[in-house]
Amino acid sequence: MHDEAVELIEIAYDLQGGALPAAYTFALWEELVRALPWLEAEQLAGMLPLRGARSGAQMLLPRRAKLVLRLPQQFARQARQLAGQTLQVGGYALPIGAASEKALQAHPSLHAHLVVSAGDENQFLAEVEQGLRELGLPCKWICGKRATLQAGERTITGYSLVVHELQPKDSLRLQQVGLGSERRYGCGLFVPCKDIPDFA
């Protein structure tokens, strides 16, 4: 269970575009741990999915792409040490630029690209309902498409999820706590969602 006394922040690193393997998630985390070994033991740390365009076996990154880590504020100084390093992700070089720190911002609608679940959609919805009830968050939600992170024999499955009609304090709490497991890979981490997607 997340310690709500710990304040989380986001550290965003500039990237200069380029490409990564489409299935970059596991390899990128391994490189982050190599560069910042304390990440491995920090259960509250996670990386947000990169924004890019998939092209075959590659993920193409725009020039203004950011690598974002969500982690306890106490690690902000150590996390900045990643700036200036070059990560090797599945045979691709990823130079890391300047780092900037930002606080989490309340937003009435939040989106997670993958909340882990081994079940079907009905089971997933039951898990979401239970999780939000345990957190005491009165809100509505929309289940998205089934999602998978896979590289070699490693697979994580679940569904995308939009949670909306959140009060400011509840929005911040959900961003702090998240839902489900595999947080380090960005699973169950919520980001502001300006428009509620049409999943129909």
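Being in contact with an Asp or Glu (Cβ under 9 Å, 6 or more places away or on another chain) and in a strand (DSSP E or B) is a condition met by at least one residue of segment 115-132. Only one entry of Arg146, Arg154 meets the criterion of being under 17 Å from Cys187 (Cα atoms) and in contact (Cβ under 8 Å) with a residue 60 or more places away in the chain, and that entry is Arg154. Every test in (1) without any contact (Cβ under 8 Å) to a residue 60 or more places away in the chain; (2) loosely packed, with under 13 Cβ neighbours inside 10 Å; (3) among the charged types (D, E, K, R) is passed by Lys66 save one, and that test is (2). The set of residues in segment 1-41 being within 25 Å of His111 (Cβ to Cβ), surrounded by fewer than 17 Cβ atoms within 10 Å (Cβ to Cβ) and among the acidic types (Asp, Glu) consists of Asp3, Glu4, Glu7, Asp14. For segment 150-168, indicate whether the set of residues that are of a type outside the set (Phe, Trp, Tyr), in the same structural domain as Glu30 (by TED's automatic domain parsing), in contact with a Ser or Thr (Cβ under 7 Å, 6 or more places away or on another chain) and exposed (fewer than 13 other Cβ atoms within 10 Å of the Cβ) is non-empty. Taking every residue of segment 150-168 in turn, none turns out to be of a type outside the set (Phe, Trp, Tyr), in the same structural domain as Glu30 (by TED's automatic domain parsing), in contact with a Ser or Thr (Cβ under 7 Å, 6 or more places away or on another chain) and exposed (fewer than 13 other Cβ atoms within 10 Å of the Cβ).
The values are calculated or read from the model by the stated rules, or taken from the named source; none is laboratory data. Bear in mind the structure is a predicted one, so any value in this text is a computation, not a measurement. Counting neighbours? That spans all protein chains shown, and the Cβs are built from the backbone with ideal geometry, glycine included.
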